[in-house]
Every structure is written in C-alpha cells, then in structure tokens.
Amino acid sequence: MSDLTEPQLRALVENFYATIRQDDALGPIFNDIVQDWPEHLDKLTAFWSGVMLGSGRYSGNPMAKHVAIRSRLSPALFSRWLSIWGHSARALLPPDAAAAIEATAARIAKNLQRGCGLLENI
Ligand code: HEM
C-alpha cells in the first residue's frame, strides 16, 4: 500500500471526473448515465479508499454496472479513461502514489473489459 490519504483520493476523483465530463468521447456516456454527481463522486471516493487504503468503505458491484452499459464501451475508451486517470494522478499525487494508483486502475480496467466481453482473446 502507498501512503495515500482519503483527502488525496477525494481530490483525485473530483479532478478526474471534472476532466472526463468534458471529454468528447467519454463525457457523453457519463453525463447520460450519472444522474447524481455528488453521489457518484462520494461512491467513487469510497471505491478508491477501499481499493487503495483497504478501508472497506465501498460496497457495490462495478462489474454489473459496466456490463449493463457494455454496448457503449470499447478497449479504446478504456485506454482513454486510463490516460486521463494517469494525467490526474500525476498532477495531484507524489510520483510513487501516482504510479501505484495508475497500475491498480489498469488492472481493474482489464478485469472490467474481460467481464464485458471486450477482450475475449487476450
Ligand atoms: C471506458 C471506460 C469507463 C466508462 C465509460 C465507465 C462508465 C461508468 C458509468 C457510466 C458509471 C455509472 C453507472 C451507473 O451509475 O449505472 C460507472 C460506474 C463506476 N465505474 Fe466506470 N467506467 C469506465 C471505466 C472504469 C474503470 C477503469 C474503473 C475502475 C478502475 C471504473 C470504476 C467504476 C466504479 C467503482 C463505478 C461505481 C459502480 C457502482 O455504482 O457501485 N470505471 N462507470
């Protein structure tokens, strides 16, 4: 585990989704589906707190949520998501923490893509 803190994760989540919402490819997907942004940001902060800090603060089923919208997803969009995540992480976190959370996001992204049937041959 890296030395991340809850406020750092909150700031990262806010910066990332502010950027994503303005992205030409990803913005429309999030803006169509997410109805309550404060709730989404709270949920995603809890998710990352659970993943990176082991806080157990998140309970939910990300796989089911993404499978439900799989027709709108693609490997190229996941790459774009990860690229924006990396930019936000490197802008806001110390290098070691940014590297750790980028690697974790890449691993989860791969799992989500597999679960959505987007990487069947890999
Ligand atoms: C192309 C890439 C992605 C797109 C377009 C996308 C889109 C979305 C959307 C629209 C929602 C809201 C679903 C809903 O409320 O019904 C959502 C939820 C979520 N996403 Fe993604 N996502 C992507 C990649 C990722 C990745 C790589 C991660 C993690 C590393 C992630 C983690 C989550 C989590 C934790 C939730 C909340 C699930 C819940 O409601 O409990 N997403 N995503």
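Worth a mention:
- Selection from segment 7-18 of residues that are surrounded by 14 or more Cβ atoms within 10 Å (Cβ to Cβ) and either touching an Asp or Glu at 6+ places or on another chain (Cβ under 6 Å) or not hydroxyl-bearing (Ser, Thr, Tyr) (or both): 8, 9, 10, 11, 12, 13, 14, 15, 16
- Some residue of segment 23-34 being under 11 Å from the mean Cα position of the chain (by Cα) and within 18 Å of residue 106 (Cβ to Cβ): no
- Residue among 86, 117 that alone is farther than 16 Å from residue 6 by Cβ, under 12 Å from the mean Cα position of the chain (by Cα) and modelled with pLDDT of 95 or more: 86
- Residue count for segment 15-43, restricted to those that are charged (D, E, K, R) and in contact with a helix residue (DSSP H, G or I) (Cβ under 6 Å, 6 or more places away or on another chain): 1.
The values are calculated or read from the model by the stated rules, or taken from the named source; none is laboratory data. Just so you know, these numbers come straight off a predicted model, no measurement behind them. A quick note on method: Cβ atoms are made from the backbone with ideal geometry, for glycine too, and the neighbour counts reach across all protein chains shown.
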